[in-house]
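Report on one structure; see the data block that follows.
The values are calculated or read from the model by the stated rules, or taken from the named source; none is laboratory data. The model shown is predicted, which means the values in this text are computed figures rather than measured ones. Glycine also receives a Cβ, built like all others from the backbone with ideal geometry; neighbour counts cover every protein chain displayed. Heads up: the accessible areas ignore ligands, DNA and RNA and are worked out on the full protein's heavy atoms, side chains in. Shrake-Rupley method; radii C 1.70, N 1.55, O 1.52, S 1.80 Å.
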Amino acid sequence: MHDDLRAGTSDLLQQTLQAAVQDQRTVDEKRRSTAPLLDGMSFYESIRHDDDRGSVTEIYDPRWGWHPDPLVFSYVFTIRPGMVKGWGLHKQHEDRYFVLSGELELVLFDPRPDSSTCGKICKVFLSGSRPRLVNVPKFVWHADRNIGSSDVVVVNFPTIQYDHSKPDKYRLPIDTDLIPYSFGDAKGW
Ligand SMILES: Cc1cn([C@H]2C[C@H](O)[C@@H](COP(=O)(O)OP(=O)(O)O[C@H]3O[C@@H](C)C(=O)[C@@H](O)[C@H]3O)O2)c(=O)[nH]c1=O
């Protein structure tokens, strides 16, 4: 390669590298995500056991000691592709999600004045291909978007039973300007 051509290609390398940004750490030594959660949130990773017949995955066991509140009630909800459920907030209970199938983007906004993450937005991605639980604390606004191509199926283990006469559920429109997050033109409520 001629010297001037080599010099030119070397400039290309220098120019592109000077404009580049190096990746920062996103997982810790145990290969867990370092993405921050909101105050009071945590994951619990389960395990899927496969054999030639199929699989078994435990989805909730109080003996894990993951969450202080008892197992008292459960239901499954689904979200159609592209749709959003939210914004919702609960005053009296926490949600405890386990995604059975599909891909869920869980967006949370922390308005709690005493929280170390007050004012923060947090995004969590849950998938049927990664068996784990995550909790949604009381007084945290949350919205669930199906980012997959099939219904997302979520088992919820709320910390109290559903009161059909007076649901512990408060809503804001998905496009409210009271929460610093936009779902673009996604539809939902
Ligand atoms: C949650 C719930 C709803 N329902 C009824 C009430 C209503 O007629 C219908 C739909 O209820 P909802 O509109 O509350 O369903 P939905 O909006 O899917 O509610 C769920 O959304 C996700 C994102 C959450 O975070 C959960 O906490 C829960 O609020 O089902 C029950 O009978 N039992 C229940 O436990």
(request) Give the residues of segment 154-179 that are open to solvent by less than 50 Å² (accessible area, probe 1.4 Å), β-branched (Val, Ile, Thr) and within 12 Å of the ligand (Cβ to nearest atom), sorted by residue number. (result) VAL154, VAL155, THR159, ILE174
(message) Among the residues that make up segment 108-122, is at least one of them under 15 Å from PHE157 (Cβ atoms), surrounded by 15 or more Cβ atoms within 10 Å (Cβ to Cβ) and not acidic (Asp, Glu)?
(response) no
(request) Find all pairs meeting these conditions: Cβ atoms under 9 angstrom apart; at least six residues apart or on different chains; first residue within segment 121-147 and without any contact (Cβ under 8 Å) to a residue 40 or more places away in the chain; second residue assigned to a strand (DSSP E or B) and small (Gly, Ala, Ser). (result) SER127/SER101; GLY128/SER101; SER129/SER101
(request) Can you confirm whether segment 155-166 contains a residue that is part of a strand (DSSP E or B) and on the phi < 0 side of the Ramachandran plot? (result) yes
(request) Name the residue, out of LEU37, LEU104, LEU71, that is open to solvent by less than 90 Å² (accessible area, probe 1.4 Å) and over 18 Å from HIS142 (Cα atoms). (result) LEU71
(request) Could you list, in sequence order, all residues of segment 47-60 that are within 21 Å of the chain's Cα centre (by Cα) and either exposed (fewer than 14 other Cβ atoms within 10 Å of the Cβ) or within 23 Å of SER150 (Cα to Cα) (or both)? (result) ILE47, ARG48, THR57, GLU58, ILE59
(request) For residues that are within 16 Å of the ligand (Cβ to nearest atom) and buried (at least 19 other Cβ atoms within 10 Å of the Cβ), scanning just segment 123-136, find the one that is nearest to THR34 (Cα to Cα). (result) VAL124
(request) From the list PHE139, PHE183, pick out the single residue that is at positive phi, within 16 Å of the ligand (Cβ to nearest atom) and not in a strand (DSSP E or B). (result) PHE139
(message) Give me the strands (runs of 3 or more DSSP E) completely within segment 1-101, filtered to those with at least 3 residues that are within 16 Å of the ligand (Cβ to nearest atom), ordered by residue number.
(response) 75-79, 83-89, 95-101
